[in-house]
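**Q** I have a structure here, written as structure tokens, and I will follow up with some questions on it.
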Amino acid sequence: MLKFAPGMKIGNLILEGTPLFLAPMEDVTYMSFRRMCKKYGADVMYTEFVSSEALIRDVKKTKQKMVLFDFDRPAAVQIYGHNIDSMIHAAQVAEEVQPDFIDINFGCPMKKIIRHGAGAAMLKDLPKMQQMAAEVVKAVKVPVTAKTRLGWNDNDKPILEAALRLQDAGVAALAIHGRTREQLYTGKADWTLIGEVKNHPEIKIPIIGNGDITSGQKAKILLEQTGVDALMIGRPAIGRPWIFREVKHFLETGQTLAPPTVAEIVENVREQLQLNLEWKDNERTGILMMRRHFAKYFPGLPGFRDLKIRLLRAEAHEEVNEILDEMVEKYKNTRVDYSFAEK
């Protein structure tokens, strides 16, 4: 069996074994989804990423993203931006909500982020990345971590230099997504370079591995191949928050848990939707927020297309519940097949 890591520290935060982190994702890792992932064993939460420029403008919607709840702990607020002064201000504002640590996004590959020089664009300017991290570290009392990618493209993968610079800047831990910016979310994650960073003799900070952790088996391979201190799961958890339970069970026992039945999934959907409705106090908004999750919760069901379309178009709670009732009646104890995601 796999030998567990002895644990890791982020500042004064001590995490035992091999902790599982829920990756920060825009329009995904809001309160209700974090709550579902915590329910199934996620150890560390992140908010959606927060724009430093929006915080300077005191945008209400952006500040709401930083709200942390008791169940979240331990949790981080993730910030991004291209201007160092703005990032210092953002970190100080984030510190006011008392996160366990603050994370800097140096990895987002989306055009709307990198065109301003933020996110993964920082991989093109490592001295500025280092300076930004160092200034943020100095500006706050809570630990600061970072998340990045391997590099810009196949010919430009400066992840080891980036890691060493960030360590020198004072970051307390580094999460590495095993893709380049050019890959976006396509192709396979390269865990080899993550392992090279983790096992480099000059790297002393904890390294968190991210990318393609779609099953307990994949998690075990990544741990054995790289020796990382923790694992981070992002997109595979959308529509499948119990993946954290599945990964932990496999790492502990070597056995694969049976996937949930449609009836069990429906109960989770109802719970997540209810959390949205209570949180937003607006029925339509709460339902619209669920659409990305609706689309992922029921993969591979035969003859599901019409029900799926109706579910994605529904705008009233009663209508959603009626569709979910039909699903339970039609599929009864059918178990969802996630094997397509584990190839």
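The values are calculated or read from the model by the stated rules, or taken from the named source; none is laboratory data. Given the structure is predicted, the values throughout are model-derived calculations rather than measurements. Cβ atoms come from the backbone with ideal geometry, glycine included; neighbour counts cover every protein chain shown. Remember, those area values only see protein heavy atoms, side chains included, never the ligands or the DNA or RNA. Shrake-Rupley method; radii C 1.70, N 1.55, O 1.52, S 1.80 Å.
**Q** Run the reach check for Lys63 against lysines, Cα to Cα strictly under 16 Å, same-chain hits fewer than 8 apart removed. What comes back?
**A** Cα-Cα hits under 16 Å: Lys280.
**Q** Just the number, please: Stokes-Einstein D of the chain in µm²/s, Kirkwood Rh from C-alpha pairs, 25 °C, 0.890 mPa s.
**A** Values: Rh = 20.6 Å.
Answer from the Stokes-Einstein relation: 119 µm²/s.
**Q** Counting each pair of different Cα atoms once, what's the Kirkwood radius of the stretch 105-153 in Å, rounded to one decimal?
**A** Computed over the stretch 105-153, the radius equals 11.2 Å.
**Q** Report the label-to-label distance for Lys63 and Leu126 in nanometres (one decimal), using points 7 Å from each Cα along the Cα→Cβ vector.
**A** 3.9
**Q** Quick one: how many Å² of Arg310 are accessible to a 1.4 Å probe, rounded to 10?
**A** 100
**Q** So if R0 is 25 Å, what FRET efficiency would Glu224 and Thr256 give, r being the distance between their Cβ atoms, rounded to the nearest 0.05? Before the final figure, lay out the partial values.
**A** On the way: r = 17 Å, r/R0 = 0.68.
That pair, Glu224 with Thr256, gives E of 0.90.
**Q** Using a 1.4 angstrom probe on the protein heavy atoms only, line up Asp103, Asp43, Asp229, Asp58 by accessible area, largest first.
**A** The residues order as Asp58, Asp43, Asp229, Asp103, largest area first.
**Q** What FRET efficiency comes out for the pair Arg115/Glu196, r = Cβ-Cβ distance, R0 = 22 Å, nearest 0.05?
**A** 0.15
**Q** If you wrap a convex hull around the Cα atoms of the stretch 1-78, how much volume per residue is inside, in Å³?
**A** 108
**Q** List the DSSP H helices in the chain whose Cα atoms stretch 18 Å or more along the helix axis and whose mean Kyte-Doolittle hydropathy is at least -1.0.
**A** Taking the DSSP H segments of the chain (at least 18 Å long, mean hydropathy at least -1.0), we get 126-139, 262-280, 317-331.
**Q** Sticking with this structure for a sec: Roll a 1.4 angstrom probe over the protein heavy atoms and tell me the percent of accessible area of the stretch 180-326 that is carbon or sulfur.
**A** On the way: 3130 of 6670 Å².
Carbon with sulfur: 47 percent of the solvent-accessible area.
**Q** With a probe of 1.4 Å, find how much accessible area the stretch 237-343 has per residue, and write the answer as a whole number in Å².
**A** Using a 1.4 Å probe on heavy atoms only, each residue of the stretch 237-343 averages 52 Å².
**Q** With label points built 7 Å along Cα→Cβ from the Cα atoms of Glu319 and Arg305, find their separation and express it in nm.
**A** A separation of 2.1 nm, rounded to one decimal place.
**Q** Rounded to the nearest percent, how much of the accessible area of the stretch 30-165 (1.4 Å probe, protein heavy atoms only) is carbon and sulfur?
**A** About 47 percent, which is the carbon plus sulfur part of the accessible surface.
**Q** Right, something else. Contact order normalised by length for the chain, with contacts defined as Cα pairs under 8 Å and 6 or more residues apart; what percent is it?
**A** 15
**Q** How big is D for the stretch 1-130, in µm² s⁻¹ as a whole number, if Stokes-Einstein is applied with the Kirkwood radius of its Cα pairs at 25 °C and 0.890 mPa s? Can you show the working numbers first?
**A** Values: Rh = 15.5 Å.
Rounded to a whole number, D works out at 158 µm²/s.
**Q** Here is a further query. Any chance you could get the radius of gyration and Dmax over the Cα atoms of the stretch 217-258, in Å?
**A** According to the Cα coordinates of the stretch 217-258, Rg and Dmax are 10.4, 28 Å.
**Q** Extension gain Tyr185-Glu96, at 0.36 nm per residue separation less the Cα-Cα distance, in nm?
**A** Working: separation 89, 0.36 × 89 = 32.04 nm, distance 3.29 nm.
Stretched out fully, the Tyr185 to Glu96 stretch lengthens by 28.7 nm.
**Q** Continuing with this model, one more query. Please give me, ordered by residue number, the chymotrypsin sites (Phe, Trp or Tyr not before Pro) of the stretch 24-92 that lie in loop per DSSP and have at most 15 other Cβ atoms within 10 Å.
**A** Filter output for the stretch 24-92: Phe69.
**Q** On the principal axes of its Cα set, how long, how wide and how thick is the stretch 229-295? Give whole Å, largest value first.
**A** The Cα atoms of the stretch 229-295 stretch 43, 30, 19 Å along the principal axes, largest first.
**Q** To continue, here is another question. With the cut-off at 18 Å, tell me which of the pairs Lys188/Lys296; Lys124/Lys147; Lys38/Lys218; Lys157/Lys218; Lys188/Lys218; Lys39/Lys332 have Cα atoms farther apart than that.
**A** Lys188/Lys296; Lys38/Lys218; Lys157/Lys218; Lys39/Lys332
**Q** Just to verify a number: FRET efficiency for Lys296 and Asp85, C-beta to C-beta distance, R0 = 51 Å, to 0.05? Kindly include the intermediate steps, with their values, before the conclusion.
**A** Working: r = 39 Å, r/R0 = 0.76.
The calculated FRET efficiency here is 0.85.
**Q** Which aspartates and glutamates, on any chain, are close to Lys112 with Cα under 16 Å apart, when same-chain ones fewer than 8 places away are left out?
**A** Correct list for Lys112: Glu26, Asp27, Glu48, Glu53, Glu182.
**Q** Now, a different point. With viscosity set to 1.567 mPa s and temperature to 4 °C, compute the Stokes-Einstein D of the stretch 187-343, Rh being the Kirkwood radius across alpha carbon pairs; µm²/s, no decimals.
**A** Answer, rounded: 74 µm²/s.
**Q** Restricting to DSSP loop positions (anything but H, G, I, E, B) with no more than 15 other Cβ atoms inside 10 Å of their own Cβ, which GluC sites (Glu not before Pro) remain in the stretch 215-298? Spell out each step's value before the answer.
**A** Working: sites: Glu224, Glu246, Glu252, Glu264, Glu267, Glu271, Glu278, Glu283; in loops: none.
Qualifying residues, ordered by number: none.
**Q** Measuring with a 1.4 Å probe in the full set of protein chains, what accessible area per residue, in whole Å², belongs to the stretch 1-115?
**A** 43
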